[in-house]
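What follows is a set of notes on a single structure, which appears directly below.
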Amino acid sequence: MPDKYSSVQSDGSILTSSEPVILVKDLYKSFGDNHVLNGFQMELYAGENLVIIGKSGSGKSVLIKCMVGLLEPDAGKLIILGKDITSLGREELDHLRTEIGFLFQGSALYDSMTVRENLEFPLRRHDNKIADASSETNLLIERALDDVGLKHTIDLMPNELSGGMKRRVALARTLILNPKVILYDEPTSGLDPITAKEIIELILEIQQQRKTASIIITHDMDCARVISNRMVILIDGINYVEGSYAELSKSTDPKVQAFFK
Ligand SMILES: Nc1ncnc2c1ncn2[C@@H]1O[C@H](COP(=O)(O)OP(=O)(O)OP(=O)(O)O)[C@@H](O)[C@H]1O
Ligand SMILES: [Mg+2]
């Protein structure tokens, strides 16, 4: 387990070490007859990197979309930074979203915008996080790009960047609002092994420097091994098993073993 700490929330409440940053309890989500989540449970603690693995189509993206309010669960509890996200009004949800960074599966930069404009976008959407002065906006953008080693790309268009650079710009866009929690959906998918390793190192640096708690969804077992403090395996809509990479890799359960082959 990583070191735990208390942190003061923007509304003044204190998140103690015993309180999870994210608590998911008995979560259910179906699309018609497709029962995707069937009572999923998990907790994410301050400062930890939690890796979630599961087969394609098992509901990993659905789970984190529920966490950011992009999908509404059918039943269950979803407490994020002490707030029950299913009962929040639009304004409160918008505010909570500024505390949660979400790296979408596949980066999703706006192709018609420069790198700078891509990074300005979340700042404009959540203007409670910035002052009016554009010099402050510039500073935030430059700092976020610097954090991912790409300050020199500020005036480039996405199509002038490599796949790995795009992923890092998307990460900078996630970091710019200084989130307390980061949700990474397949951060290394589609990248060559060397670039994937760079992204993995970046995620570890972010954890160490910013003390964020993160959920990382991945198919990449090298990524899971290096990055995770703890892992949860999603099978049949539930948290089938959890433990460290070392523990799970020694499991004799064929369903668990299948991920480590
Ligand atoms: N908006 C939606 N409407 C209807 N069905 C959906 C929707 N989103 C996801 N699903 C279904 O939910 C199931 C889980 O999808 P999800 O995207 O969470 O899988 P995943 O575990 O992230 O897979 P992958 O590893 O391929 O990304 C799939 O059967 C999918 O078709
Ligand atoms: Mg997915």
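Identify, from the list T153, T195, T218, the residue that is within 16 Å of ligand 2 (Cβ to nearest atom), in contact (Cβ under 8 Å) with a residue 24 or more places away in the chain and touching a helix residue (DSSP H, G or I) at 6+ places or on another chain (Cβ under 8 Å). Answer to the selection: T218.
Looking across the range 126-146, just one residue is touching an Asp or Glu at 6+ places or on another chain (Cβ under 8 Å) and at pLDDT 90 or above, and that is I141. Considering G76, G57, which residue is of a type in the set (G, A, S), in a strand (DSSP E or B) and either closer than 30 Å to D222 by Cα or in the same structural domain as I238 (by TED's automatic domain parsing) (or both)? Selected residue: G76, the only one of G76, G57 that is of a type in the set (G, A, S), in a strand (DSSP E or B) and either closer than 30 Å to D222 by Cα or in the same structural domain as I238 (by TED's automatic domain parsing) (or both).
For the range 87-95, the condition holds for no residue, the condition being that it is part of a helix (DSSP H, G or I) and either modelled with pLDDT of 95 or more or within 16 Å of ligand 2 (Cβ to nearest atom) (or both).
Looking only at residues of the range 55-92 that are touching a residue at least 24 places away in the same chain (Cβ under 8 Å) and at positive phi, we find that the one that is surrounded by the most Cβ atoms within 10 Å (Cβ to Cβ) is G59. Please determine, by comparing only the residues of the range 37-53 that are touching a residue at least 40 places away in the same chain (Cβ under 8 Å) and surrounded by fewer than 21 Cβ atoms within 10 Å (Cβ to Cβ), which one is nearest to ligand 1 (Cβ to nearest atom). Step by step, filter the range 37-53, then rank; the result is N38.
One residue stands out in the range 67-86 among those that are in contact with a Phe, Trp or Tyr (Cβ under 9 Å, 6 or more places away or on another chain) and within 16 Å of ligand 2 (Cβ to nearest atom): the one that is nearest to L248 (Cα to Cα), namely M67.
There is no residue in the range 163-183 that is within 16 Å of ligand 1 (Cβ to nearest atom), under 21 Å from G47 (Cα atoms) and among the hydroxyl-bearing types (S, T, Y).
The values are calculated or read from the model by the stated rules, or taken from the named source; none is laboratory data. Just so it is clear, the model here is predicted, and its values are computed rather than measured. Here Cβ is always computed from backbone atoms with ideal geometry, including for glycine, and neighbour counts include all displayed protein chains.
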